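Chemist: The structure follows.
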Amino acid sequence: MKYLYTARSVAAETFRESVKNRFFTVFAVFAACAIYASLLAGVMAIEEEARVLSDLGFGLMELMTLAYALFHAAMAIPREMETKAIYLVFSRPVSRPAYMLGKAAGLYLLGAFMLAVMAAIHLSLLSLRGFPPCAAYFNIVACIWLKIVIIISLALFISLFSTSPVSTMVISAVIWTLGHFTPEARFLIEKAGGFSGALLKGAAWMIPDLQLYNLRDAPLSASGGWFQVFYAALWALAAYGASVLLFRKKEF
Amino acid sequence: MAGALGFTGLLFFSSRSRPASPFPPPSALREVRHSAIEDMLALSLGARRLFADLWFIRLMQYYGTHEHIAGEEEEEEEHGHSHHGLDFGAGNYPEFMALSRHIAALDPYFKNAVLYSAGSLAFNLNRPGEAAELLNYALVNTPREWKFLIMLTAIGYSKSSEPAKVAQIIAPLVRERDCPVMLKQLAAFLNKKAGNYEAAAVIYADILQTSKDPFYTLNSEKELKMIEKRLK
Amino acid sequence: MKRVIVSIDGAGKIYHLRGLGRKMSVAALSDFTLDIFEGEILGLLGLNGAGKTTVMKLLTGLIFPTSGKVSVFGLDPREPRAKNSIGFLPELPYFPPHNTPYGALRYYGLLSGMSGSAIAAALPVVMEKVGLAPHAAKKISEFSKGMLQRLGLAQAVLHSPELLVLDEPVSGLDPLAIHDMRALISGMQAEGKTIFLSSHSISELEKICDRVIIMAGGHKTLSVERKNWETAPGALESLFVEAVRR
């Protein structure tokens, strides 16, 4: 019970700190980009305006949420260690697993909040242009969030042993891009054999399959379901477990 | 140790349960206009659809740009994209097929782009073979897509110069809400050519109501007035 | 005989530093022994790098001893009950600048296991005690160094700990702020708290402490009570110089 209470306090504080940090500039930038894109799309796409507007909106939502959440995930713990704010935390009866859980939960909440607000802006824009949202709209946004959850969890883990927040962000971004290549990687692995095939197979296991969450790219018949949630939970739990293992003996 | 084993086991199970990729492999993406880096971005950001949209805009701009053939007079270019589907749209446009195929390889589910490209190739550029090749390529990933099958049939009949038959075959396509306006324009033209003025008028009225492109809407207005006069 | 609330017995701490292809070990503390008695103000005096902060971090469970034993109220410093009995003020405490003092204190109160109502009751009292009540509505980014130090003290006393561990509490403060901080610390002792503070300022420790431990090079070199340095020629300074040069 105390564990959850502590985690909740850390999560709320993490969310609050991230939100106060030039937060709303991000939304203003999103809204400006979305409006500009809609004007361009209107001129250039004409008959495909709805599609272009939708795709641009989803793409922007995902990239901006990813960039912002990744920035905070990379900085969350190293910054507290650097500024020694962490002294004020661990000189108190705060368990390290609870702290890690709180940090992760606060960042997941940040991602969800950002996506919710940007989705509202996006839907308003679509509505203003007279286009209804696609049937899978909320599934698509939910899958974007699950993708962000996986990458944030990994970023938090990487930040514990990485030399700087920049390298954490770079490594996480590389995992992000590789995660979209997983289906293609599987195709290559099937073709490759011998030692290189085994090596590729091993490497493929270490990268989460983010293409599973790309509903915005998938055919309309596909939809998010229990498997996506289970897979994201698996990766988030694994990253959390690894983080706790690494963090438990850390000295400040 | 227990956690690591558990995770590995669950990951192994999940890897067996994962659905296969709905997209063709990266090797299906042939480079066009030095697109290698863009294609890498499309794949690595999981943004195939978005990049397919951008390539489609480029295709329309390409097709909408007048081809400069030596000796011909310069025509004033009014718009930035294609307004074909009438008896305009003829030309060489050598990159058209490559661009269309690129879009289909990026996003095989971008039906309207395939229909637009196939329609332009078959009925404007007079390259039914390439149109059929494009549709067959798209059907590999979407074998149940009836719109592609209808287009293939229409292309088949167009070779035998039966405008009425072609118009009849593509009629179900034209009734779809998201049918490319170029195909609607084509269908109206074929009906008019075959003497089915009422059917042509219905399609022109639909274009007038649903299209945002002023070139098509103005042309539809003009055609409707002509048909009205003829029917009186 | 006063109760021993902190006991450090032969503690040592070695820091392992990793560079490019090499590994370095630094002995920050060696065979350090110390008892802190209930109700006293104990000072820890030493030059920069003497190991003062290392001792403080061992007490608060931020680092773990390489050798020896540390106990706080008879418990391992890592135990939640031990941590709940300690209020720690690190050197130059950091608070998120966008926050308000109430917001920051509320967070640390929650982490100390206080309930919302207990925090709501304690906040105005603590803010008044440390002299920050007139500045409650300000953002932390607007705080001066002295105000930040007061806020640091506020978070250390919010959960009513028995032992205060203050690392360089007057570091970087102007004379007026130092005077105010000294008064606060004396006030805490009057309330029955035990205070353990470190400094490299001899005059400050002279004014406030009951007893001073002098450190040099990670070792305890001398323990001296007030009555001894008050009667020594040259006071605490001469004792310090002699102990450090030994």
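Chemist: Compute the distance in nm between two label points, each set 7 Å from the Cα along the Cα-to-Cβ direction, one at C:Lys139 and one at B:Leu149.
Modeler: 6.4
Chemist: Using alpha carbons only, how many degrees (0 to 90, rounded to 10) separate the axis of helix C:175-190 from the longest principal axis of chain C?
Modeler: 90
Chemist: Per residue of C:99-109, how many C-beta atoms from partner chains lie within 10 Å of its own C-beta, taken as a mean?
Modeler: Partner-chain Cβ atoms within 10 Å, mean over residues of C:99-109: 3.
Chemist: Another one. Between C:Leu176 and C:Ile14, what is the spin-label point distance in nm, taking each point 7 Å from the Cα along the Cα→C-beta axis?
Modeler: The answer from the label model is 5.1 nm.
Chemist: Which pairs, out of A:Lys147/C:Lys57; A:Lys20/A:Lys84; C:Lys129/C:Lys220, put more than 30 Å between their alpha-carbon atoms?
Modeler: A:Lys147/C:Lys57; C:Lys129/C:Lys220
Chemist: What ranking do C:Cys209, B:Cys179 get, fewest neighbouring Cβ atoms within 10 angstrom at the top?
Modeler: B:Cys179, C:Cys209
Chemist: Could you tell me which of A:Phe252, B:Met151, A:Ala155 has its Cα farthest along the dipole of the protein assembly as shown towards the positive end, charges placed at Cβ (Lys, Arg +1; Asp, Glu -1), taken about the Cα centre?
Modeler: Working it through, the farthest residue towards the positive pole turns out to be A:Phe252.
Chemist: A further question follows. Per residue of A:174-185, count partner chain C-beta atoms within 10 Å of its C-beta, then hand back the mean as an integer.
Modeler: Shielding by partners across A:174-185 averages 4.
Chemist: Something else now. Against the 2.2 N^0.38 Å scaling, with N counting residues, where does the protein assembly as shown land? I'd like the Cα-based Rg ratio to two decimal places.
Modeler: Relative to the rule-of-thumb radius for its length, the protein assembly as shown sits at 1.33.
Chemist: May I ask for the angle, rounded to the nearest 10°, between helix A:165-180 and the longest principal axis of chain A, with both axes built from Cα atoms and the value confined to 0 to 90°?
Modeler: Helix A:165-180 sits at roughly 50 degrees to that axis.
Chemist: Work out from phi, with θ = phi - 60° and the Karplus expression 6.51 cos²θ - 1.76 cosθ + 1.60, the ³J(HN,Hα) of each residue of region B:95-100, listed in order in whole Hz, and give x for Gly and Pro.
Modeler: Karplus-based 3J(HN,Hα) across region B:95-100 equals 8, 4, 5, 4, 5, 5 Hz.
Chemist: Across peptide C:76-89, what mean number of C-beta atoms from other chains lies inside 10 Å of a residue's C-beta?
Modeler: Mean shielding by partner chains, rounded to a whole number: 2.
Chemist: How big is the Rg/Rh ratio for chain A, C-alpha atoms only, Rh by Kirkwood, two decimals? Could you put the intermediate results ahead of the total?
Modeler: Numbers: Rg = 19.7 Å, Rh = 19.6 Å.
Rg/Rh for chain A comes to 1.01.
Chemist: Let me make sure I get this right: for region C:4-245, a, b and c are the square roots of the gyration tensor eigenvalues over alpha carbons, sorted descending. Under 1.5 in a/c it's rounded, otherwise prolate if a/b > b/c, else oblate. Which is it?
Modeler: Prolate, because a/c is 1.5 or more and a/b exceeds b/c.
Chemist: For the protein assembly as shown, what is the percent of antiparallel DSSP beta bridges, rounded to the nearest 5? Before the final figure, lay out each step's value.
Modeler: Numbers: 23 of 42 bridges.
Bridges in the protein assembly as shown are about 55 percent antiparallel.
Chemist: Shifting gears a bit: What nm distance separates the two modelled labels at C:Met1 and C:Asp35, each placed 7 Å from Cα along Cα→Cβ?
Modeler: Roughly 0.7 nm, to one decimal.
Chemist: OK, next. Name the residue farthest towards the positive end of the dipole of chain C from the options C:Gly103, C:Gly218, C:Tyr15, assuming +1 on Cβ of Lys and Arg, -1 on Cβ of Asp and Glu, about the Cα centre.
Modeler: Value: C:Tyr15.
Chemist: Looking only at trypsin sites (Lys or Arg not before Pro) in DSSP loops with at most 16 other Cβ atoms within 10 Å, what is the longest site-free stretch of chain A?
Modeler: My reading of the result: A:130-247 is the longest stretch.
Chemist: Based on other C-beta atoms within 10 Å, arrange C:Arg81, A:Arg92 from fewest to most.
Modeler: Numbers: C:Arg81 12, A:Arg92 25.
Fewest to most other Cβ atoms nearby, the residues stand as C:Arg81, A:Arg92.
Just so you know, all these numbers are worked out from the coordinates, no wet-lab data involved. From a predicted model like this one, the values you see are computed outputs, not experimental measurements. A quick note on method: Cβ atoms are made from the backbone with ideal geometry, for glycine too, and the neighbour counts reach across all protein chains shown.
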